[in-house]
Structure formats: C-alpha cells, structure tokens
C-alpha cells in the first residue's frame with residue numbers, strides 16, 4: 001500500500017483511483033482499486049455521497065481542479081454507475097458498450113503494470129488481479145503465472161481486438177452546445193412514448 005501521514009479525503013481518494021484507471025469505470029471498480037492499492041477508507045457509500053454532493057453543491061464560479069462526476073452516454077444522459085473525472089475530454093467521458101469494454105481492458109493493463117512495478121503485492125492486490133483476470137480473454141491463465149505483466153499483455157492483446165469507436169460528430173456538436181453543468185452531470189432523459197395506432 002502507498003501510505004501517507006494523513007489520509008486524503010474521499011473525493012481525493014476517488015480521484016487517485018480514477019487517475020490510475022484512466023477512463024470512466026464502474027463505481028465498484030473505483031472503490032476496489034483504491035482499497036487494494038492505496039491507503040484510505042473509500043467505500044461505495046462514500047463515493048455515492050461525493051457524487052451527490054458534487055451535483056447538489058455545484059457552483060459554476062467555484063474554482064476547482066477537478067470534480068468527480070458520472071460518465072455520460074452518447075445521448076448525453078448519465079451512464080448510471082460509471083464514474084469519471086470532469087477534466088477528461090468528451091471522447092473519454094462519453095461511453096458506449098464498446099468504449100466501456102475498451103476502457104475496462106485498458107484499465108486492466110494500467111493496474112497490472114502499476115502492480116508489476118511495486119515491490120510487494122498483498123492479498124487484496126492479488127484478489128483484485130484475480131477478479132480482473134476473469135474479465136480478460138486468456139487472463140485466468142496469465143494470472144496463474146503470478147506475473148502482473150502477463151495479465152497486462154493478455155489485456156493488451158484483447159484490447160487490440162476491440163475496434164476503435166470515435167464519438168460521432170453530431171454528439172460532439174451537442175456536447176459543445178451544453179452548459180458546464182450539463183457537461184458534468186448530463187441532461188435529463190426523455191421517456192419513450194409509444195405511438196398511437
């Protein structure tokens with residue numbers, strides 16, 4: 001574990017995990033990564049509170065380096081359960097099933113490489129790597145060699161098979177037209193209405 005004399009707040013702990021993950025991620029993964037790799041008390045309840053507080057107390061005039069916010073779907077509604085950093089560009093904040101898969105595989109690469117450069121991996125780290133390995137083709141076999149670099153290589157190979165999915169220009173234009181609050185917290189979804197026949 002990386003230790004510090006005083007623990008950062010929950011918001012900063014979430015930021016640490018998201019910086020390592022490098023892309024929007026499920027809230028559970030953000031908490032699990034932080035718990036396994038950093039000191040702190042980040043929990044699902046704490047992360048949910050941070051997300052609520054970020055939106056509830058949003059002040060467009062407040063200077064802040066970052067906000068913890070939800071990822072957004074291509075229709076610019078909230079991607080429930082997906083957490084992101086406000087400073088990421090639209091191409092990273094907007095998620096789809098294909099981009100979520102690419103983000104997940106890239107996160108496995110980043111986590112495994114982070115673990116590989118550390119002197120010791122405790123049981124929490126090994127549990128995290130084992131769970132991540134189960135999500136990667138060939139990951140379980142790579143995990144068995146007890147070298148995080150093998151898991152990173154398996155995830156990298158799987159990532160190469162995921163076609164790139166650029167954000168459509170129309171979505172980029174809609175994103176650019178949003179105000180800052182909408183970019184952070186998304187737009188309201190409209191209920192689907194059935195046609196009258």
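The values are calculated or read from the model by the stated rules, or taken from the named source; none is laboratory data. It should be emphasised that the depicted structure is a prediction, and the values quoted were computed from it without experimental measurement. Positions of Cβ are generated from backbone atoms using ideal geometry, with glycine treated the same way; all protein chains shown enter the neighbour counts.
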Out of curiosity, is residue 26 out of contact with any strand residue (DSSP E or B) (no Cβ under 6 Å at 6 or more places or on another chain) and free of Cβ contacts under 8 Å to residues at least 60 places away in the same chain? no
State whether one or more residues within the stretch 119-134 are part of a loop (DSSP other than H, G, I, E, B), at pLDDT 90 or above and surrounded by 15 or more Cβ atoms within 10 Å (Cβ to Cβ). no
The condition from (1) farther than 27 Å from residue 124 by Cβ; (2) surrounded by fewer than 19 Cβ atoms within 10 Å (Cβ to Cβ); (3) out of contact with any helix residue (DSSP H, G or I) (no Cβ under 6 Å at 6 or more places or on another chain); (4) modelled with pLDDT under 95 that residue 99 misses is numbered (2)
Failed item, numbered, when residue 148 is tested on (1) surrounded by 16 or more Cβ atoms within 10 Å (Cβ to Cβ); (2) free of Cβ contacts under 8 Å to residues at least 12 places away in the same chain: (2)
In the stretch 29-39, is there at least one residue being part of a loop (DSSP other than H, G, I, E, B), modelled with pLDDT under 95 and more than 30 Å from residue 172 (Cβ to Cβ)? yes
Return the only residue of 167, 171, 115 being under 30 Å from residue 55 (Cβ atoms) and part of a helix (DSSP H, G or I). 171
The one condition residue 109 fails out of (1) without any contact (Cβ under 8 Å) to a residue 24 or more places away in the chain; (2) crowded, with 18+ Cβ neighbours inside 10 Å is (1)
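Residues checked against (1) closer than 19 Å to residue 91 by Cβ; (2) out of contact with any strand residue (DSSP E or B) (no Cβ under 9 Å at 6 or more places or on another chain); (3) at pLDDT 95 or above; (4) outside any helix (DSSP H, G or I):
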residue: 143; (1), (2), (3), (4): no, yes, no, no
residue: 146; (1), (2), (3), (4): no, yes, no, yes
residue: 157; (1), (2), (3), (4): no, yes, yes, no
residue: 188; (1), (2), (3), (4): no, yes, no, yes
Just one of 76, 72, 85, 94 is in contact with a helix residue (DSSP H, G or I) (Cβ under 9 Å, 6 or more places away or on another chain) and either free of Cβ contacts under 8 Å to residues at least 60 places away in the same chain or closer than 18 Å to residue 17 by Cα (or both); which is it? 85
Examine the stretch 46-67 for a residue that is surrounded by 15 or more Cβ atoms within 10 Å (Cβ to Cβ) and under 18 Å from residue 167 (Cα atoms), and state whether such a residue exists. no
Could we say that residue 177 is under 30 Å from residue 77 (Cα atoms), under 16 Å from the mean Cα position of the chain (by Cα) and surrounded by fewer than 20 Cβ atoms within 10 Å (Cβ to Cβ) here? no
Exactly one of (1) buried (at least 18 other Cβ atoms within 10 Å of the Cβ); (2) touching a residue at least 40 places away in the same chain (Cβ under 8 Å); (3) closer than 30 Å to residue 118 by Cα is unmet by residue 16. Its number? (2)
Output the residues belonging to the stretch 19-45 that are surrounded by 13 or more Cβ atoms within 10 Å (Cβ to Cβ) and over 26 Å from residue 96 (Cα atoms). 35, 36, 37, 38, 39, 40, 42
